[in-house]
Structure formats: C-alpha cells, structure tokens
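**Student:** After the structure tokens below, expect a handful of questions from me.
The values are calculated or read from the model by the stated rules, or taken from the named source; none is laboratory data. None of the values given here were measured: they were computed from a predicted structure. We place every Cβ from the backbone using ideal geometry, glycine too, and count neighbours over all the protein chains shown.
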Amino acid sequence: MDKRGAPPYPRRDEQIVGRRACDTSRLQTIRDDERRHIARELHDDLGQLLATLRVDLSLLQQQALPENASQQIHSMNELLLSAITSLRRIASNMRPRALDDGSLYFALQTLREDFEQRYSIECELNAAESELALDDRYSTAVFRIVQESLTNIARHAQAEHVWLSVRRHGQTLRIGIADDGIGISEPDLAKPHSLGLIGMRERVRALQGEMVLGDTDDRGGTRIDVVLPLPPEADRASAAAAD
C-alpha cells in the first residue's frame, strides 16, 4: 500500500490525546468550581454560625453564674475557637480567598507560611508578584500543583528544607520544588497514585505542559520541575501588574 492509502494513525492519535486533554481540563474546572462553592459555604455560612455562637457564649460569661458553669462555658468557647480555626484552614485548603481576589502570589505566600508553621519545615519561595498575574484557570492549577507537592513532602520526604520557585521564562511558567529529604525510590516512582502525583500530572497535561520528577543532584532529596506554556493574554496581565 502506498503512502496515500495508509491510514492516518498519527493524526488519529493526536486527536485522541487532544480530546483527553480537553476532557481532563473540563473535569478539573468542574472540580475547582465545586471546591470554590464548598469553600464559600463553609466560610460564609458555617463560619458565621460558629462566630455567632462565640458571641452568645461571651454574653453568657458576663452574667453571674456558678463556678462550674463558668468553667464549662470557657471550655466551650475554647472548643469553638479551635473549630473556627480548623474550618478556616479547611476552607483555605479547598479554595484560598487570595485566588478569588486574583492574587496567586499571596496565595502561595500564605501556603508557604502555613506549611512552615504546621510541619516545622523551612520553605523558601522564589516568585515575583508581577509575573503571576494569571487567569483563574492557570492560577488554580499552579496553586494545586504546589500544594500537592508540599503535601507529599510533609508526608513522605522527612525533609528539613524546601526550595520553591515559580518564575516566568519567556512564554512559559516554570515551577520547581526541591527538598533535602530521603528521596523517592524507583518502585515509588512507578506508583504515582501512592504519592498523590496523578492529580498533578492531570493538571499539567490539561495545560499542555511537561512535568519531570527525580532526585536532586546535590541535596539527596526530590525535585519536581513543571513547565507550562502561557496564553498570550498572560503577557498583558503581567505588564498591567508591573505598572
């Protein structure tokens, strides 16, 4: 059979890959929209209800009560405060308010600070606010990639230090996450589901990007490198942010 009669397998494969990327992107958008909705419900409804309960308890404490009742109210107030703190943390993990305000940079800064405080692992962030003026789709993807990477480090790496970089290079955004932990073995690299990497790969693939996972050269830990092509409108947004 000559070339003219050959079946167009390469084109068909490209179409299948393109459809899968589009499907993945749509699924991620649906998930992110649902997370945004739940985060708002938690913050606005349940958070407000808990805050109102604290106000009612504070009013009770101002009244003349038996000693045991006063101690019990104080204990309830402490529990409510702990519940409000946990609620804010859960809502922020689902959808940081900074992303709704269009600030990926401050969302990453908050994520870094929370990571250091919660796990006592030093984390350095190399990023520029003017370079991270991206649309919601890109901002959410970048945040989730970094968030999942830090979660993996906290769970598996036994690291003491993390280096995080999110910088623009021409028409691409490059994300680098490195740690000084115990590294990832070859069997673990062959099981991405066990390390929570599948969601990261899906987000990168949905944006037509590339992701490489391996050992660091000099620190003995793990390094993740992600390269995402940026849409043309990112240039205009970055220029506006710089002004």
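**Student:** Which is surrounded by 12 or more Cβ atoms within 10 Å (Cβ to Cβ), among the acidic types (Asp, Glu) and at pLDDT 85 or above, of 235, 225, 215?
**Tutor:** Only one candidate passes the filter, namely 225.
**Student:** Here's something else I'd like to know. Could you please find all residues in segment 95-107 being under 12 Å from the mean Cα position of the chain (by Cα) and not in a helix (DSSP H, G or I)?
**Tutor:** Once the filter is applied, which keeps residues that are under 12 Å from the mean Cα position of the chain (by Cα) and not in a helix (DSSP H, G or I), segment 95-107 yields 95, 96.
Quick grid of which residues meet (1) in a helix (DSSP H, G or I); (2) at pLDDT 95 or above:
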site	(1), (2)
92	yes, no
109	yes, no
117	yes, no
124	no, yes
139	yes, no
148	yes, no
155	yes, no
167	no, yes
184	no, no
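**Student:** Of these, 149, 165, which one is surrounded by fewer than 16 Cβ atoms within 10 Å (Cβ to Cβ) and either touching a Gly at 6+ places or on another chain (Cβ under 9 Å) or small (Gly, Ala, Ser) (or both)?
**Tutor:** 165
Residue-wise test of (1) surrounded by 12 or more Cβ atoms within 10 Å (Cβ to Cβ); (2) without any contact (Cβ under 8 Å) to a residue 60 or more places away in the chain; (3) not assigned by TED's automatic domain parsing to the domain that holds residue 230.
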| position | (1), (2), (3) |
| --- | --- |
| 82 | no, yes, yes |
| 87 | yes, yes, yes |
| 107 | yes, yes, no |
| 115 | yes, yes, no |
| 122 | yes, yes, no |
